[in-house]
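Okay, so here's the structure we're looking at.
The values are calculated or read from the model by the stated rules, or taken from the named source; none is laboratory data. This structure is a prediction, so every number in the text was calculated from the model and none was measured. Positions of Cβ are generated from backbone atoms using ideal geometry, with glycine treated the same way; all protein chains shown enter the neighbour counts.
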Amino acid sequence: MKSYFIKTFGCQMNKSDSERIERVLLDMGLSRAKEADEADLVVVNTCSVRQSAENRATSFLKNYKKLGKYCVITGCCASKDPERFEKWVDLVLDIRNLEKLPSFLKNEAHKPRLRQRHNYFKTNPKYSNEFHAYVPIMTGCNNFCSYCVVPYARGREVSRPVKDIINEIKSLVKNGYKAITLLGQNVNSYKSGKTDFPALLEKINNLDGNFWIWFLTSHPKDMSKKLIKTVANCKKVCRYIHLPIQSGNNEILKKMNRKYTREKYIKLTKLIKLNMPDVCLTTDIIVGFPGETRKQFNDTKKLFKEIRFDMAYIAQYSKRPKTAAAKLEDNVNCQEKKRRDKELTKILEKSALENNKKYVGKTVEVLVEKPGIGKTRSFKTVKLENKDKNLVGKIVKVKINRALEWCLTATNDDSSR
Ligand code: SAH
Ligand code: SF4
Ligand code: F3S
């Protein structure tokens, strides 16, 4: 085999894992094909958070298997249901066994599903971006929310040693990286030795260099006062908090096994806004959880009006085998789920626009990602008047002149750094 193609589905964690897979394949002397059609080896990094995500990944794989490619499945579908894929895929790779990939491909190891798992974060990534890097700090989940497949796919929480994280970030900053996104399924439950997440953020913040720090995804139960203060006090840490609530109704939250109440969440967001009035607050929501009544859904609508999120990723409930909620009847029909999704989107559009209007007339820093497009520290997308490709990867100061729901527009100031 001479060339490979990696197709990635799912969240940022999967994108980051694919960067590590790529490094292993490059080190084996393979080269990257532009299209899957041209590759000898096709690796599909899958997501199983919803049935639709799983279907997309498996149909992609089936297509290339038919074309006679050597097909590897990895990611969340592969580690959740290895037996299901072993029958028709050339190799099922549990991402935690990444360092064994070369020997699996050379047929030197006979048990592709080794139970003994390695710290796959030890494998260096081939970063896909030259100025913004994903740095995983933990993986796995101990929370078992009743609807969610992640604990079955990613296993229990494992945090990466502080030294490894710091060394990776130091080297990124030395190489001119301007933004680091710390990743974890529950990033704020990070714990390695005596270092918890706020302590880790402080250590990273104290490193030399001009760079921004983002982090994803925080669980409300681990959003401590100490963490809020740390984000507020650390200059490099951006005031962008993604805090999934999932539902605004206490009965549903209980059925979801989320371990907090609507009141506790509201209190948290008040504390966050008190410490950081300019924070950008985003969330995840599931509509149509088994048994969710109109009345219960209305509590989520009320909560949306009260909190005024900047963004929300709204998901229609999808039954996942193995999870506790799979035993409950998925009784909110598709049409109703769609309707609830739309209703929330409408409220969100209003609050996002109102929040964005506060930027108009202000001069803000923007990290230019592509010609004419960038991100603020608060992770707002900005369309720039200046489309110069030499600005890509630079932080520029721009004046916001217009606010839309999902983006801001700006005129360029010349002071880039
Ligand atoms: N660890 C994060 C979320 C990880 S999964 C947290 O605790 O919030 C990403 C998102 O997918 C979830 O926030 C949820 O909104 C959505 N999701 C997970 N399982 C789902 C399911 N069975 N149906 C629909 N959406 C789901
Ligand atoms: Fe899934 Fe809940 Fe874990 Fe998030 S905290 S990954 S929603 S089980
Ligand atoms: Fe999907 Fe796995 Fe991420 S299920 S959302 S790729 S952790």
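For the range 163-216, the candidate set comprises residues that are small (Gly, Ala, Ser) and within 16 Å of ligand 2 (Cβ to nearest atom); within that set, the residue that is surrounded by the fewest Cβ atoms within 10 Å (Cβ to Cβ) is Ser189. Residues in the range 356-368 that are within 23 Å of the chain's Cα centre (by Cα) and either closer than 18 Å to Glu405 by Cβ or free of Cβ contacts under 8 Å to residues at least 12 places away in the same chain (or both): Asn356 alone. Being within 16 Å of ligand 1 (Cβ to nearest atom) and among the hydroxyl-bearing types (Ser, Thr, Tyr) holds for only one residue in Ser31, Ser16, and it is Ser16. From the residues in the range 319-338 that are within 11 Å of ligand 1 (Cβ to nearest atom) and buried (at least 18 other Cβ atoms within 10 Å of the Cβ), which one is nearest to Met256 (Cα to Cα)? Among those residues, the one meeting the criterion is Ala325.
Quick grid of which residues meet (1) out of contact with any Leu (no Cβ under 9 Å at 6 or more places or on another chain); (2) modelled with pLDDT under 90; (3) outside the structural domain of Ala326 (by TED's automatic domain parsing):
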residue: Asn55; (1), (2), (3): yes, no, yes
residue: Lys62; (1), (2), (3): yes, no, yes
residue: Lys65; (1), (2), (3): yes, no, yes
residue: Lys87; (1), (2), (3): yes, yes, yes
residue: Ile95; (1), (2), (3): yes, no, yes
residue: Leu98; (1), (2), (3): yes, no, yes
residue: Lys111; (1), (2), (3): yes, yes, yes
residue: Tyr120; (1), (2), (3): no, yes, yes
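Take the conditions without any contact (Cβ under 8 Å) to a residue 40 or more places away in the chain, among the small types (Gly, Ala, Ser) and either buried (at least 23 other Cβ atoms within 10 Å of the Cβ) or in the same structural domain as Met138 (by TED's automatic domain parsing) (or both) and apply them to Ala78. Does it pass? Judged against the criteria, Ala78 is a match. Which of the helices (runs of 4 or more DSSP H) contained wholly in the range 219-304 include at least 1 residues that are at pLDDT 95 or above and within 18 Å of Leu344 (Cβ to Cβ)? Helices (runs of 4 or more DSSP H) meeting the threshold: 250-256, 262-275.
Per-residue answers, yes or no, for (1) assigned to a loop (DSSP other than H, G, I, E, B); (2) at pLDDT 95 or above; (3) under 26 Å from Arg32 (Cβ atoms); (4) touching a helix residue (DSSP H, G or I) at 6+ places or on another chain (Cβ under 7 Å):
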| site | (1), (2), (3), (4) |
| --- | --- |
| Tyr127 | yes, yes, yes, yes |
| Cys141 | yes, yes, no, yes |
| Ser146 | yes, yes, no, yes |
| Arg156 | yes, no, no, no |
| Lys163 | no, yes, no, no |
| Leu172 | no, yes, yes, no |
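Checking each residue in the range 371-394 for being basic (Lys, Arg), surrounded by fewer than 19 Cβ atoms within 10 Å (Cβ to Cβ) and closer than 15 Å to Cys407 by Cα picks out only Lys383. Just wondering, is there one or more residues in the range 284-298 that are among the hydroxyl-bearing types (Ser, Thr, Tyr), in the same structural domain as Val149 (by TED's automatic domain parsing) and within 16 Å of ligand 3 (Cβ to nearest atom)? Checking the range 284-298: not a single residue is among the hydroxyl-bearing types (Ser, Thr, Tyr), in the same structural domain as Val149 (by TED's automatic domain parsing) and within 16 Å of ligand 3 (Cβ to nearest atom).
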